[in-house]
Amino acid sequence: MKFCTSCGSAVELRIPEGDDRERYVCVSCDFIHYVNPRIIVGCLPVYEDKVLLCKRAIEPRYGYWTLPAGFMENGETTGEGAARETWEEARGRVRNLELYRVFDVPYISQVYMFYRCDLERGEHAVGPESLETDLYTEDAIPWEEIAFPVVRETLKDYFEDRRRGEYPLAVEEIKFRRPAPKS
């Protein structure tokens with residue numbers, strides 16, 4: 001960040017009075033610019049014994065499969081955002097949303113929230129951010145082509161929970177994993 005969004009003057013990185021960490025602060029009006037984590041909301045839409053997945057038409061992970069999800073917008077609840085993302089990416093309408101998984105991913109400053117829900121009438125289609133959409137049973141999921149670790153974890157947890165008949169809310173922290181050194 002170089003300029004203040006309030007007055008247009010330059011900003012500097014410093015610890016504001018009463019704070020405990022560096023922030024971008026305007027040199028003219030002293031406006032403090034907070035940079036906070038992004039919230040990603042999505043759905044795990046279920047129809048009969050299948051889950052809805054989308055093949056990404058955008059980066060990152062173009063061409064890989066994911067649950068419909070994206071950045072939360074201002075003025076919406078997390079559930080509204082998750083339902084909106086399902087419509088935008090998979091043209092699916094959802095109901096009976098229940099918060100199911102929360103992932104804290106501090107090394108990339110993101111929080112993921114997935115809602116388990118019903119896909120109305122099993123209807124879905126390709127949205128502008130998807131190449132394909134499809135309903136998958138557990139054994140048919142393209143596990144090697146799943147876009148993100150949080151999606152893989154959510155899907156694995158869902159199928160385990162379904163076998164038990166219980167769907168507890170779980171919160172998990174995803175710690176940074178460095179790639180293994182090449183020999």
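The values are calculated or read from the model by the stated rules, or taken from the named source; none is laboratory data. Source: prediction; values computed, not measured. Note that each Cβ is placed from the backbone with ideal geometry, even for glycine, and that neighbours are counted across all protein chains shown.
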Selection over segment 147-183 where residues are modelled with pLDDT of 95 or more, out of contact with any strand residue (DSSP E or B) (no Cβ under 8 Å at 6 or more places or on another chain) and in a loop (DSSP other than H, G, I, E, B) yields a count of 3
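Kindly indicate whether Arg21 is of a type in the set (Lys, Arg) and over 18 Å from the mean Cα position of the chain (by Cα).
yes
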Every listed condition ((1) surrounded by fewer than 23 Cβ atoms within 10 Å (Cβ to Cβ); (2) closer than 30 Å to Met1 by Cβ) holds for Leu99 save (2)
Residue pairs within 8 Å by beta carbon, gap of at least six or interchain, first lying in segment 108-121 and surrounded by fewer than 20 Cβ atoms within 10 Å (Cβ to Cβ), second among the aromatic types (Phe, Trp, Tyr) and outside any helix (DSSP H, G or I), listed first then second, are Val111/Phe103; Asp118/Tyr47; Arg121/Tyr47
Single unsatisfied condition, Tyr47 versus (1) under 27 Å from Ala140 (Cβ atoms); (2) among the aromatic types (Phe, Trp, Tyr); (3) under 17 Å from the mean Cα position of the chain (by Cα): (3)
Only one of these is in contact with a helix residue (DSSP H, G or I) (Cβ under 9 Å, 6 or more places away or on another chain), modelled with pLDDT of 95 or more and surrounded by fewer than 13 Cβ atoms within 10 Å (Cβ to Cβ): Glu73, Glu138, Glu144. Name it. Glu73
Per the filter on segment 63-99, residues aromatic (Phe, Trp, Tyr) and assigned to a helix (DSSP H, G or I) are Trp87
